[in-house]
Structures are given as structure tokens and as C-alpha cells.
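Engineer: Have a look at the structure that comes next, please.
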Amino acid sequence: MARLIQEMLPKTVDSLKVCQDELPFAADQLAIYEPLAERMQSRRTAVEGARTDWRVAAKERTAGPQAAAKGLYKRVRLELEAHYGQGSVRLDEFLHISPNVTNTAAECLDDMEKLAGALAANQDELDFAAGRLPEVEAAADLRVAMHEVTMKRAAYEGALEAWEAAKAEYKLARKTLRSKLAAHFGARNHPRLKDFFN
């Protein structure tokens, strides 16, 4: 749809310019179509840029903090297993059920928050908890990275909304122009309409 609009708009603008002497409404329609064409181009570019920024952030910005958090989580898990014994039900307070279920940055952050809460609650019985707790809480880097990703996604969604609004504006302008052309040429499917629309 985006490519179709981007190909059709210049054709419509060019045809209106060529037919200014023939069509009494050409100047009024050009006043609508020329800024609309520019607006649609800039909004499409904004969507593409915002989508790229969001994807890059989601892939690259969280990678380092997530890898660090996973490594720390694994080290603390080994310490907890050494303290309570592998398979102990006490581990459920600190860890997710399976050691291999964390795939996304959000899941990793959830794991770190659960671990931080449990370490804080069990400091008295775990001699390593006081030392590990600041490290686990330092998973704030991952939280910051995820916040940046969320903001970039919101920017993408905002750009997409602006593009959708421009598309709706274009559809209305196109419908109006079609009606004017059909009335001028005396038929809704007059062959000259192809000069303005694909």
C-alpha cells in the first residue's frame, strides 16, 4: 500500500499540473495534493526510521546487559544449589522452575527481580547474599535498556499512527478528486482518469 501510494501521488500531482488550464479545480486540488505528497513521504520515512531504531535497540541495546544478567543469574544459582542442594524446593523462592526458560530480556529482568527479592529476604541464612545482592540489583542496566526499547517502540507506533492518518487523508482526497474528475469528464470510469490514478 505504501509503495502504491508513493507511486500514485506524484502521478496525480503531475497530471494536475499538466491539466491546470483544462480543469477548473486543478489549482485547488494541487493545493491539497502537493503538501499531502510531501507529508506522506516524510511520514513514511519516519515510520521506516523509527522501526529500524526500535529493532536495533531491541536486538543490540539489551544484548550486553542481558548477557551480564544471565551470567550473574547462573553464578548465583550455582551458589544457591551448593547451599540448599540441587532440586531443593527452597530454590523455587529464588529461581524460575527450569534453568533454560529465560529467552527474552523481559523474562531475564523478571528473573533478576525475583532473585533480588529472595536474596534480600534470606540474607540472614545466606552468607553470600549480602555480597551478591548489589550485583543482582545492578541489573538496572537491563531495565534502562528495556526502557529505551519501550520508548523506541512507542516512537515507532506514533510514527505508524501518523502514517495511517496521512493514508486516511489521502484516501479522502483521492475520492474527492475522482468525483470531480468523473463529473468533469462525464463518466465515473472515463479513460482520462487513468492519467491521474494507476
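The values are calculated or read from the model by the stated rules, or taken from the named source; none is laboratory data. In this text the structure is predicted, and so the values were computed from the model without any measurement. Here Cβ is always computed from backbone atoms with ideal geometry, including for glycine, and neighbour counts include all displayed protein chains.
Engineer: Please tell me if S15 is of a type in the set (S, T, Y) and not assigned by TED's automatic domain parsing to the domain that holds A183. Even if it seems obvious, please write down each step before you answer.
Structural biologist: Values: of a type in the set (S, T, Y): yes; not assigned by TED's automatic domain parsing to the domain that holds A183: no.
Against the criterion (of a type in the set (S, T, Y) and not assigned by TED's automatic domain parsing to the domain that holds A183), S15 does not qualify.
Engineer: Grab the helices (runs of 4 or more DSSP H) fully contained in the stretch 1-99, keeping just those with 3 or more residues being under 30 Å from K180 (Cα atoms). I'd like the intermediate steps shown before the answer.
Structural biologist: On the way: elements: 2-18, 26-56, 63-84.
Counting at least 3 such residues, we get 2-18, 26-56.
Engineer: Just name the residue that is modelled with the lowest pLDDT out of those in the stretch 1-34 that are within 23 Å of L160 (Cβ to Cβ) and either charged (D, E, K, R) or in contact with a strand residue (DSSP E or B) (Cβ under 6 Å, 6 or more places away or on another chain) (or both).
Structural biologist: Selected residue: R3.
Engineer: Could you say whether any residue in the stretch 164-182 is in contact with a helix residue (DSSP H, G or I) (Cβ under 6 Å, 6 or more places away or on another chain) and either of a type in the set (D, E) or modelled with pLDDT under 90 (or both)?
Structural biologist: Within the stretch 164-182, not a single residue is in contact with a helix residue (DSSP H, G or I) (Cβ under 6 Å, 6 or more places away or on another chain) and either of a type in the set (D, E) or modelled with pLDDT under 90 (or both).
Engineer: Ok, one more. Tell me, which helices (runs of 4 or more DSSP H) lie completely within the stretch 100-198 with 1 or more residues that are β-branched (V, I, T)?
Structural biologist: On the way: elements: 105-121, 129-137, 140-185.
Per the criteria, 129-137, 140-185.
Engineer: How many residues does the stretch 112-164 hold that are in contact (Cβ under 8 Å) with a residue 12 or more places away in the chain and either farther than 25 Å from D92 by Cα or under 24 Å from the mean Cα position of the chain (by Cα) (or both)?
Structural biologist: The number of residues fulfilling the criteria is 18.
Engineer: Additional query: Given the criterion surrounded by fewer than 14 Cβ atoms within 10 Å (Cβ to Cβ) and of a type in the set (K, R), identify the matching residue among K175, K167.
Structural biologist: Working: K167 fails: surrounded by fewer than 14 Cβ atoms within 10 Å (Cβ to Cβ).
Just one listed residue meets the conditions, K175.
Engineer: Output the residue which, of all residues in the stretch 63-121 that are of a type in the set (S, T, Y) and touching a helix residue (DSSP H, G or I) at 6+ places or on another chain (Cβ under 9 Å), is modelled with the lowest pLDDT. Before you say what the answer is, go through the steps one by one.
Structural biologist: Taking the stretch 63-121 first, the residues of a type in the set (S, T, Y) are 73, 84, 88, 98, 102, 104.
Retained after the next criterion (residues that are touching a helix residue (DSSP H, G or I) at 6+ places or on another chain (Cβ under 9 Å)): 73, 84, 88, 102, 104.
Values: Y73: 90, Y84: 92, S88: 88, T102: 61, T104: 81.
So the residue we want is T102.
Engineer: Still on this structure: Is there a residue in the stretch 185-195 that is among the acidic types (D, E), within 24 Å of the chain's Cα centre (by Cα) and under 21 Å from Y33 (Cβ atoms)? Write out each step before concluding.
Structural biologist: Let us first name the residues in the stretch 185-195 that are among the acidic types (D, E), namely 195.
Still in the running and within 24 Å of the chain's Cα centre (by Cα): none.
Looking for residues that are among the acidic types (D, E), within 24 Å of the chain's Cα centre (by Cα) and under 21 Å from Y33 (Cβ atoms), one finds none in the stretch 185-195, hence no.
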